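Peer 1: Pasting a structure here, questions to come.
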Amino acid sequence: MSDDALVLSTTTPIGPFEVGRLAYGCWRFSGSSVADATAKIEAALEIGANLVDTAAIYGFGEEGFGGAEAVLGEVYAANPGLRDKTVLVTKGGIHPPVPYDSRASNLIESCEGSLARLKSDVIDVFLVHRPDLLASYDEVAEALTQLRAAGKIREAGVSNFTHTQIRALQSKLDFALAANQPEFSPLAIAPLDDGTLDIAQELNLAIMAWSPLGGGRLTAVHQPEAGTQEARVLAVLDGIATRDGVGVDHVALAWVLAHPAVSMALIGTQNVDRIKDSAKAYDVTLSRQDWYDVLVAARGVPMP
Ligand SMILES: NC(=O)c1ccc[n+]([C@@H]2O[C@H](COP(=O)([O-])OP(=O)(O)OC[C@H]3O[C@@H](n4cnc5c(N)ncnc54)[C@H](OP(=O)(O)O)[C@@H]3O)[C@@H](O)[C@H]2O)c1
């Protein structure tokens, strides 16, 4: 291994919890049978992915609002002891048919609905799903403060917030936000330059990267159009994957995890074998050159 290899740790803190750097995302979970869903959670735990991420809205348009949480709740109910083996993250504030609603009353109601569906006494980390431009930071802070004081959530955080939105919300709280969940992958590189990853380091926020495989576009089965960002990135990932004897998806996950501000990658595969295989990401030894080669492919221009 060269002395500039980007060696990946396999665990990371989020608030008071220590969790795997690969975490399991339940966006695509609704509609699973309890047996299938249990197998996915157990596969995730097998690779140390003990943080489970869901949201009240997951399932909307398929099984319905709350559908993904309801499946996870059934899994917990059917498997005594399982809830305590996971760090449970859910999100509220998208309340159809209104796109975003982070009024204090709605965030509190949303969290209570999540607790009931998840058959849990407490949410470990509760996130405001998206910034609601019509909710004041005072009322969002009021909701998070009340939920925490009532013991309904242990920690609070945000998702898809800009660095200025995070700073504004943090200024209204007398406890530290624990996390931000932005989209981040070689196909979604804005957080590198827009302040998202900087404020995370400044405030010690855990960064939970969503769609680390671009929602399936950074996989061997995806056929990108020639000359596109996807094609450039996949070509570089493929070179590293062939060298290291892993899949392009594992290299993409390693690239995401190699950034010093990124705490975890939220994997979203519904395939048990792929969940287990994701751990190969920890074995990828990217050099600094590899990491920057992927970035150059993503940007489409050389480093300055
Ligand atoms: N905060 C937010 O606003 C937000 C938004 C979106 C997502 N999220 C979170 O992020 C999590 C992950 O998002 P994501 O599902 O988009 O993640 P992802 O891991 O980027 O993409 C998952 C998709 O890639 C496919 N895939 C993965 N590996 C593959 C392989 N080797 N070959 C072929 N296909 C493969 C999966 O299909 P198979 O199931 O067939 O493997 C699945 O459709 C979500 O579950 C959610 O928790 C958060």
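The values are calculated or read from the model by the stated rules, or taken from the named source; none is laboratory data. Computed from a predicted model, the values in this text were never measured in an experiment. With ideal geometry, Cβ positions are generated from the backbone for all residues, glycine too; neighbour counts draw on all protein chains shown. Each accessible area value is taken on the protein alone, full model and side chains, heavy atoms only, with ligands, DNA and RNA left out. Shrake-Rupley method; radii C 1.70, N 1.55, O 1.52, S 1.80 Å.
Peer 1: Sort through A206, A252, A168 and tell me the only one that's touching a residue at least 60 places away in the same chain (Cβ under 8 Å), within 30 Å of R148 (Cα to Cα) and either crowded, with 16+ Cβ neighbours inside 10 Å or in contact with a Phe, Trp or Tyr (Cβ under 6 Å, 6 or more places away or on another chain) (or both).
Peer 2: Details: A252 fails: within 30 Å of R148 (Cα to Cα); A168 fails: touching a residue at least 60 places away in the same chain (Cβ under 8 Å).
Among A206, A252, A168, only A206 is touching a residue at least 60 places away in the same chain (Cβ under 8 Å), within 30 Å of R148 (Cα to Cα) and either crowded, with 16+ Cβ neighbours inside 10 Å or in contact with a Phe, Trp or Tyr (Cβ under 6 Å, 6 or more places away or on another chain) (or both).
Peer 1: Inspect the range 113-135 for any residue being of a type outside the set (D, E, K, R), more than 27 Å from L253 (Cα to Cα), open to solvent by 30 Å² or more (accessible area, probe 1.4 Å) and in contact with a helix residue (DSSP H, G or I) (Cβ under 6 Å, 6 or more places away or on another chain) and give the result as yes or no.
Peer 2: Within the range 113-135, not a single residue is of a type outside the set (D, E, K, R), more than 27 Å from L253 (Cα to Cα), open to solvent by 30 Å² or more (accessible area, probe 1.4 Å) and in contact with a helix residue (DSSP H, G or I) (Cβ under 6 Å, 6 or more places away or on another chain).
Peer 1: Also, quick follow-up: Do we find a residue being open to solvent by 60 Å² or more (accessible area, probe 1.4 Å), modelled with pLDDT of 95 or more, near the ligand (Cβ under 9 Å from one of its atoms) and not in a strand (DSSP E or B) anywhere in the range 178-195?
Peer 2: no
Peer 1: I'm trying to understand the selection: among the residues of the range 19-45, which are part of a strand (DSSP E or B) and more than 13 Å from the ligand (Cβ to nearest atom)? Spell out how you get there, then give the answer.
Peer 2: Step one: of the range 19-45, the residues part of a strand (DSSP E or B) are 19-20, 22-25.
Within the range 19-45, V19, G20 qualify.
Peer 1: Can you tell me which residue is farthest from H259 (Cα to Cα) among those in the range 1-26 that are open to solvent by 50 Å² or more (accessible area, probe 1.4 Å) and among the polar types (S, T, N, Q)?
Peer 2: Only one residue tops the list, namely S2.
Peer 1: Looking only at the range 255-266, decide whether some residue is more than 13 Å from the ligand (Cβ to nearest atom), surrounded by fewer than 17 Cβ atoms within 10 Å (Cβ to Cβ) and at positive phi.
Peer 2: Within the range 255-266, none of the residues are more than 13 Å from the ligand (Cβ to nearest atom), surrounded by fewer than 17 Cβ atoms within 10 Å (Cβ to Cβ) and at positive phi.
Peer 1: Output the residue which, of all residues in the range 149-166 that are touching an Asp or Glu at 6+ places or on another chain (Cβ under 9 Å) and closer than 28 Å to S211 by Cα, is farthest from the ligand (Cβ to nearest atom).
Peer 2: K152
Peer 1: A follow-up question, please. What do you reckon, is A235 more than 7 Å from the ligand (Cβ to nearest atom), farther than 22 Å from T10 by Cα and touching a residue at least 24 places away in the same chain (Cβ under 8 Å)?
Peer 2: Against the criterion (more than 7 Å from the ligand (Cβ to nearest atom), farther than 22 Å from T10 by Cα and touching a residue at least 24 places away in the same chain (Cβ under 8 Å)), A235 qualifies.
Peer 1: Every residue in the range 209-233 that is crowded, with 22+ Cβ neighbours inside 10 Å and over 12 Å from the mean Cα position of the chain (by Cα), please.
Peer 2: L218, V233
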